[in-house]
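**Q** My structure is below; once you've seen it, I'll send some questions.
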Amino acid sequence: MPAKQNLLKLPSVCRDSVFRISVLLMAITVNQFTQAQSIAEQQPVSDPVVDYMSAIDNVEAEYSAYSTELSDLYLGLGKSLYSRKEYENARRAFQRGMQIERVNYGLDSLTQAPYLMSIADTESYLGNWDESQKALENLYTINTKAYGTNDVRMLPVLDQLLDWYMNSYKERTPKGGYSNLVISERIAARMYDILQTDMPLDHPEAPDRYRRLGYLQYSIANHIKQHGEPSDSGVSISMAGSSGRPSDATTSHMHFRRGKLALEKVIESLVEQPDSTEVDQAMAIAELGDWYLVFGQKFSATQAYQLAFDVLETTENPEQARAELFSAPRMIEFSMNKVPEVALSDESSEPQLELTMMISTYGVPNQIEVTSSPQSLTEDQLGNLRKDMRSKRFRPKLVDGLAAEAPHSMLYEQPTPKG
């Protein structure tokens, strides 16, 4: 007979006893858990900096001041100090860890890489941009000694360098930002050479790598458009095969041409990809059309859009594919950290302005109106908003492959302009 049925046949007094015992055991368990939790809450919070310093002292006392275990401890100590914004102390910890790596593994050891990147970050927060650049040059140099300048294994470190200079671009003055872009272009030139010689077009990484190099050219051209090109950037970086600062012939047209070549490589590589679809190829061709449009090459943009429209003819459902890609305008963005335009249905934790506008056949926004705002806007604020929006370009709606004027609604992602 099941245990439950046996229990039900017990006299009521026995059942009450069993119940009281169960309740008592549960109360004891809860009380023990509460006491354990209370004891844990009373324990002092561990300080990672103190913990790392204590561990370093112990290792030095037991082994030596250059024990291999110490380098990782100094890296952890430096990161803890960095998180506290104690940049001077963090830098010393990173330098000490790197010194230990060099003593144990040699002056050109690749194990220095995380220390050099951390030193570059720390120096930038201290405003020592030249020192950051020296650390990154060192990182590049030790990798070239290990692999050579044109080896495909150089791509990961070049990625790191490019990310660093582009991510820190916004933290600098226009002149300093231009220096970052000059170095970034030299890094990109080295990457392009490696892609051309050591990475076939059917490699899975090829499309995104070429696309990123194209976007970089837009960043440079856009900076020159906004701030001009300084006569003396004061930039030098020792990369084999690179020249000094760009010549006076460096113009937005040059960057347009370089970006166009990179985006054409994206299309070529997608054609070679075994799992590429007509939609992938059409999107890449349309992006080349966007490139033409942003740089004022309207006839070439029209041809590219028409080709992208035609490529979808062989898809399983061409009309649906065309509608999904081209039935509404899209903001054109060539950002190194690309964030898609926010749709009206998307939720946002920040207050947003809801805008409506008409997009012309050349991708220019007109009749810009604010239909919903978390606060009232002054005339100056509204004027600044419209000025900012008119500086943007949109891929126009396509009808039978041809650009057509169309209404567009979007959320304004940038902060509300100040008057």
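**Q** Could you let me know the centre-to-centre spacing of the range 167-226 and the range 69-115, using Cα atoms, in angstrom?
**A** Measuring centre to centre over Cα atoms gives 29 Å.
**Q** Of the listed pairs Lys225/Lys392; Lys260/Lys397; Lys225/Lys265; Lys298/Lys397; Lys170/Lys298, which have alpha-carbon separations greater than 19 Å here?
**A** Table pairs above 19 Å Cα-Cα are Lys260/Lys397; Lys225/Lys265; Lys170/Lys298.
**Q** For a footprinting-style exposure proxy, rank Glu101, Glu313 by other Cβ within 10 Å, fewest first.
**A** Fewest to most other Cβ atoms nearby, the residues stand as Glu313, Glu101.
**Q** Where does each of 193-202, 401-410 land if you order them by average Cβ count within 10 Å, highest first?
**A** Descending mean neighbour count gives 401-410, 193-202.
All of the numbers you see were taken from the coordinates with simple rules; none came from a lab. Just so it is clear, the model here is predicted, and its values are computed rather than measured. Counting neighbours? That spans all protein chains shown, and the Cβs are built from the backbone with ideal geometry, glycine included.
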